[in-house]
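What follows is a single structure, written as structure tokens, with notes after it.
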Amino acid sequence: MVVDAAATVGIDIPVYCYHQALGPLGACRICLVEIEKMPKLMTACTTAATDGMVVHTQSQAAEKGRRGILEFLLINHPLDCPICDKGGECFLQDYVFQYGAGQARFEEAKIQRHKEYPVSPYILVDQERCVLCQRCVRFMGEYVGEEELLMDGRGVHTVITNVPGIPLTSPFSGNVIDLCPVGALLSEPYHYRARPWNIEREDTYCSQCPVGCSSSVTGRDGQVVRLEGRPTPGQWGWLCDHGRFTYDFGAHPTRLTEARLDGEPVTVGRAAQVLGQRLAAVVREHGPDAVAVLTGGSHTVEDHYALRRFADEVLGGSRAGLVKPVEADLPLALLGTFAELDQSDTVLLLGTDPYESAPVVHLALRENVRRRGLVVKALGDRHLLRDTLAGEEWVVEPGGMAAALAAATAGVSEHPDARLAAEGLAPADESLVRLGQALMEPGALTVLWDGREQDLAPALVALARARGEHPTRVLPTFGPRNWLAAARVGIPTDYETSRRILMDAADGRIQVLLLWGADPVRDFPDGDLAARALERCPEVYFGGVFPPDGAELLAGVLPTAAWAEEAGTYVNMEGRLQTGRGAASAPGQARPTRNILQAVARAYGTPLRKLDEWDPYEGTVDDRLVLPPLEGSVRPVSPPPAAESGFRLISGLEVALTHDPSEVAARTKEDRPARMHPADLADLGLLTGSGPVELSSGDRSFRVGVRGDPRIPRGRVFVPRGLRGVPINRLGGIAVAVRAVEEVASR
Amino acid sequence: MKTLDRHYLLRHRDVPGIDTLQGYEADGGYSGLKKALAEFEPDAIVDLVKASGLRGRGGAGFPTGLKWSFLAKDGRPRALVVNADEGEPGTFKDRELIEHNPHQLIEGMLIASYATRSPESFIYIRGEFLHGHEVLQRAIAEATERGYLGDRVLGTDFSHHMYLYRGAGAYICGEESALLESLEGRRGNPRLKPPFPAVAGVYGLPTVVNNVETIANLPPLILNGAEWHRQWGTEKSPGLKVMSVSGHVTRPGNYEVPLDATLRELVEMAGGVRTGHQVKAVIPGGSSMPLLPAGQLDTPIDYESLVQAGSMLGSGGCIVMDDSTCIVAAVARVVRFYRDESCGKCTPCREGTYWMTDVLDRLEGGQGELGDLDTLLDVADNINGKAFCPLGDASVGFMVSAIRNFRDEFVEHITGRTCPLGARLYDTVNY
């Protein structure tokens, strides 16, 4: 289009309705230009640029046309810029200032409409300010595929609104606030909170899931008050609402703001001093093996670097590991990128529904399907496709994904590794052969995987080798958000390392366990082991932002600075380093990890030198981790667990539920996190389609709110991982008993 | 003007009972279809229509045969859509054709569908035409029962299915792309072109959208040939046209005339204006067109002559205003119509019609200022050629021509602080 061609040579043509992700519409007419050999003014957003075309953006005719449109837009637009949230960052203000007439000629009455009309708990519509560019309506209806905003009325009485009585529920709804070029769609939590001239607005990356969406954080008076999407080359700048509206987590009442020793508040300096002295004494007496460090993968790369050097240099080679909520390890050699996803011919959703686990990736998939016909396949223990993402899916027995994938590969490929992985498995049936054929298609394959089922790692390696020259990439949708930071600095990220550390702690071989942002009791797949470790290890210290499960067992707590409170580097799910800046200050005594560890190191007697001279980007290529080659042999995949009677437990990761505690995002937080097929709920007597149930296995049980979801196969209970008060990792097996109970005792 | 010995489009005026299948067949109905299927290859019909010089009767006057030949030739099934959303103020020709001679429309649609190789056709009928809808429903049922519609029409290899869809009362849905949006069940807003309907029309199929009257021309054209059609009208505007004459004439109604009739002849056919009054101005082609003052009454109605005179034939809705008409009130009423019928998609039409309506109401009420006339003309200039679809241009044509031809009358409203003709606008309440 002419408008894009002009932009490439630095000529700015104003637009409202046009957005590259949404395509041309031609509604607002602000982009009128004069094109030679055309009889009338043309809209630059709907006219394709052609060779030899001569376009005038500043001719008398073009300027009059543009000025006329701006005048039209203003006749029913209120003059309330001084109290408008968008005042100062509004394209109507900007363009009127740049191109508009100095004086208004319209002297009639303006139409009055709804102002501050809520269309969702997060979004207000000011219909008077709306210029009817339809960006929001088209984004929701066409791009996201959830038609929750619509145009009502006709002509000058047209307004943007929701379906009457039905608020927006899409997790992508917040993007319409960013898309709105004027002050019509407003963030309710940001409403009247700040003006553009008294805020800090800094580039950052969302901290709530491993996608790491580029965003802008707004800070005012030391507090984060807003998060917006930020377009970057190749990315539209979408956010999901779980990330967008969790920005206030740093000010949450449960945030750690003071240091504690044995439950008593102390200064951070005192706590660091005691910790340093205790570590020194333990290492002197028992050696470095008596101390171990576990990271939760939420702190920055710089923090992880400090942690790594602390373990190596101060503690003299203590062990370190990563606590993640899944049991499998991604062969890093297969780590893919979003750019590769955009080039892929086929995508496999492996156990994961990106709409839940990495929402913005769902949008990327949908765009690829719509724009270029990307083929989507899904293999899972529940239905992973949705109305907004079509494809073909295979639903297998719980715990049976690895066996299915290995058998499907071996059913089509003669590759020795494919055969080895499928050794001992039943041969692929017709359906799995079809899956194998789809996965062995030439061209590029990207797998989205949530890290469940340890045997999926060898099955994926076998698939990649069987595909040979055709690229096979894996994008891990599991958290923690910054787990690849551990990989960046050389902290082992595999399940086995952290399991051994916890075993040794549980067996009394570790005297001091240092948890840095790690919450093993809640997150570690073997929750019993983690609980034993915390109970039996003599001294457990915790540094982080929110207290972990079992906080009463801690010997000491050190509050650390959080995202947006300092500049720091994160590594997203494609292994890309992203440095965000700070826009707020750490509350209370919370301090950057590096400062705390340095204080501990000094008390220990071994200060860390030149900690700040390290460059996280050193040795990366295109800001991305350098991946190891695909090595090692493939092991046979275990057969799927035998089918059992009764309900079976399945799980997954949901950003909507596992994001940081937030008072803003709590407005829409689901309080019935578990899901079952509606018919199963009815069988349990939960005829309203939701309610509290008790899940039990052996002598373990817990209560959780459950709601109906036809995408969960019958006979299965889906419970998300990593939720406080929902100890799915302590139930043991996958066979569970489910019964309806009176009251909800969960969360 | 050559006098007609009989009606061709308004055949029902000569032949009672032609609205039933029996009556239509008795008058030789469907023999055009039979001739087309038996004697013509589809492309030969396209050539015949091209040779006849038949032009679209919906308003734009685009050559029909040429439009058909633009259909994408990529093997996708095509569709014919008949625009029966006759909403142009002053125009009521399609309504009469539908209500009194429905089978001629159906026969014409079958010929057009055969010529364009369209297995399906759609009639989008104006929501207010409830009676016409019922008539067409019955006529389609009759034609289906008789084998004119359905699989293997009259035993040939040509199969055709016809669908009737009633609009919901929006003027904008007479614009072909908004019609297609509405037909598909969406909000009636015009579509971006390209792609043109000939490439991606209804449900994305290559589509021809034709006006009812255009289609009604086809049966006699097939039977009588291109030369017969060319005996009327002019070289560039041949054929017959149903003109809707309304306003201050004593016998308002539809008149089938050759395209070289003059406006004066039309007014006379309609009985002239009331005794003691003179024609003040005529809008020749529906309210979207500029008016022509009485001095231009001898202009022929062919497409070219009217453009040369400063107006357009449009849909053929000829509105006659005598000297009792307050031109300011007339303009205010017409512009209000466009304000109410603007779909709201594009800025200039949506906001500009609102602005002009308010100013015109004020002018008519004697509250105008001299600067208002320049403002109105400038607002009109900011709409004209800058709106998304033709509705924007349509909203200003009459007003601009009125100010140009009757500026003194506008000024009198302003200086006299009242309407010199004592006209009253009904419903001037802003809502």
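The values are calculated or read from the model by the stated rules, or taken from the named source; none is laboratory data. These figures come from a predicted structure and were not determined experimentally. Heads up, the Cβs are rebuilt from the backbone with ideal geometry, glycines too, and the neighbour counts pull from every protein chain shown. For accessibility, only protein heavy atoms count, side chains too; no ligands or nucleic acids. Shrake-Rupley method; radii C 1.70, N 1.55, O 1.52, S 1.80 Å.
Below is a table of values for the structure above.
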read-out	value
Candidates A:Gly424, A:Gly411, A:Gly317, A:Gly380, filtered to the one that is of a type outside the set (A, V, I, L, M, F, W, C) and in contact (Cβ under 8 Å) with a residue 40 or more places away in the chain	A:Gly424
Test: A:Pro210 is in contact with a Ser or Thr (Cβ under 8 Å, 6 or more places away or on another chain) and crowded, with 24+ Cβ neighbours inside 10 Å	yes
Pairs, first in contact (Cβ under 8 Å) with a residue 24 or more places away in the chain and more than 13 Å from A:Glu258 (Cα to Cα) in region A:584-612, second surrounded by fewer than 16 Cβ atoms within 10 Å (Cβ to Cβ) and among the polar types (S, T, N, Q), C-beta under 7 Å, six or more apart	A:Ala603/A:Gln277
Residues (under 25 Å from the mean Cα position of the chain (by Cα) and either at pLDDT below 95 or of a type in the set (Asp, Glu) (or both)) located in region A:164-194	A:Asp178, A:Glu188
Pairs with Cβ under 6 Å, 6+ apart, first in region A:198-225 and assigned by TED's automatic domain parsing to the domain that holds A:Lys86, second crowded, with 18+ Cβ neighbours inside 10 Å	none
Search result, residues across region A:1-45 that are touching a residue at least 12 places away in the same chain (Cβ under 8 Å), away from every other protein chain (no Cβ under 11 Å), part of a loop (DSSP other than H, G, I, E, B) and β-branched (Val, Ile, Thr)	A:Ile11, A:Ile13, A:Val15
Residues located in region A:90-133, provided they are open to solvent by less than 20 Å² (accessible area, probe 1.4 Å), out of contact with any Gly (no Cβ under 7 Å at 6 or more places or on another chain) and within 14 Å of another protein chain (Cβ to nearest Cβ)	A:Leu92, A:Tyr95, A:Gln127, A:Val131, A:Cys133
Answer from A:Ala599, A:Ala584 - the residue that is crowded, with 19+ Cβ neighbours inside 10 Å, under 22 Å from the mean Cα position of the chain (by Cα) and over 25 Å from A:Ala358 (Cα atoms)	A:Ala584
Residue count, region A:155-182 (criterion: under 27 Å from B:Met356 (Cβ atoms) and in a loop (DSSP other than H, G, I, E, B))	3
Out of B:Arg13, B:Arg6, B:Arg55, sole residue that is under 29 Å from B:Gly314 (Cα atoms), in contact with an Asp or Glu (Cβ under 6 Å, 6 or more places away or on another chain) and among the charged types (D, E, K, R)	B:Arg6
Residues (more than 16 Å from A:Arg452 (Cα to Cα) and not aliphatic (A, V, I, L, M)) located in region A:384-410	A:Arg386, A:Asp387, A:Thr388, A:Gly391, A:Glu392, A:Glu393, A:Trp394, A:Thr409
Flag for B:Gly368 being more than 8 Å from every other protein chain (Cβ to nearest Cβ), more than 22 Å from B:Ile283 (Cα to Cα) and either open to solvent by 30 Å² or more (accessible area, probe 1.4 Å) or not in a helix (DSSP H, G or I) (or both)	yes
Failed item in (1) more than 14 Å from chain A (Cβ to nearest Cβ); (2) in contact with a helix residue (DSSP H, G or I) (Cβ under 9 Å, 6 or more places away or on another chain); (3) under 29 Å from A:Gly155 (Cβ atoms); (4) in contact (Cβ under 8 Å) with a residue 40 or more places away in the chain, with B:Val245 passing the rest	(3)
Filter result (modelled with pLDDT of 95 or more, within 14 Å of another protein chain (Cβ to nearest Cβ) and surrounded by fewer than 21 Cβ atoms within 10 Å (Cβ to Cβ)) within region B:391-429	B:Asp393
Some residue of region A:440-459 being touching a helix residue (DSSP H, G or I) at 6+ places or on another chain (Cβ under 6 Å), over 24 Å from A:Tyr205 (Cα atoms) and not assigned by TED's automatic domain parsing to the domain that holds A:Ala339	no
Residue satisfying condition, being free of Cβ contacts under 8 Å to residues at least 12 places away in the same chain and not β-branched (Val, Ile, Thr), within set B:Gly286, B:Gly314, B:Gly295	B:Gly295
Single residue of region A:46-56 satisfying the filter (open to solvent by 20 Å² or more (accessible area, probe 1.4 Å) and under 41 Å from the mean Cα position of the chain (by Cα)) that is nearest to the other protein chains (Cβ to nearest Cβ)	A:Thr46
Total residues in region A:467-502, condition buried (at least 24 other Cβ atoms within 10 Å of the Cβ), farther than 25 Å from A:Thr620 by Cα and out of contact with any Lys or Arg (no Cβ under 7 Å at 6 or more places or on another chain)	2
Any hit, region A:333-340, residues being assigned by TED's automatic domain parsing to the domain that holds A:Gly468, among the charged types (D, E, K, R) and open to solvent by 10 Å² or more (accessible area, probe 1.4 Å)	yes
Residues being in contact with an Asp or Glu (Cβ under 9 Å, 6 or more places away or on another chain) and surrounded by fewer than 15 Cβ atoms within 10 Å (Cβ to Cβ) - total across region A:65-89	1
Extreme residue, most open to solvent (accessible area, probe 1.4 Å), among residues of region A:134-154 that are away from every other protein chain (no Cβ under 13 Å) and not in a loop (DSSP other than H, G, I, E, B)	A:Arg135
Residue within region B:325-346 that is away from chain A (no Cβ under 14 Å), in a loop (DSSP other than H, G, I, E, B) and more than 21 Å from the chain's Cα centre (by Cα) present	yes
Region B:371-387, residues that are in contact with a helix residue (DSSP H, G or I) (Cβ under 7 Å, 6 or more places away or on another chain) and either facing chain A (nearest Cβ under 7 Å) or closer than 18 Å to B:Ser288 by Cα (or both)	B:Thr375, B:Leu376, B:Leu377, B:Val379, B:Ala380, B:Asn382, B:Ile383, B:Asn384, B:Gly385, B:Lys386, B:Ala387
From the options A:Val664, A:Val634, residue that is in contact with a Leu (Cβ under 6 Å, 6 or more places away or on another chain) and surrounded by 18 or more Cβ atoms within 10 Å (Cβ to Cβ)	A:Val634
Condition check for A:Val224: at pLDDT 95 or above and within 14 Å of chain B (Cβ to nearest Cβ)	no
Single unsatisfied condition, A:Gln103 versus (1) under 29 Å from A:Gln60 (Cα atoms); (2) assigned to a strand (DSSP E or B)	(2)
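Residues are listed down the side, and each one gets a yes or a no for (1) in the same structural domain as A:Ala561 (by TED's automatic domain parsing); (2) within 33 Å of the chain's Cα centre (by Cα); (3) surrounded by 21 or more Cβ atoms within 10 Å (Cβ to Cβ):
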| residue | (1), (2), (3) |
| --- | --- |
| A:Pro253 | no, yes, no |
| A:Ala271 | yes, no, yes |
| A:Leu279 | yes, no, yes |
| A:Arg284 | yes, no, no |
| A:Asp289 | yes, no, no |
| A:Leu294 | yes, yes, yes |
| A:His299 | yes, yes, yes |
| A:Val314 | yes, no, yes |
| A:Ala320 | yes, yes, yes |
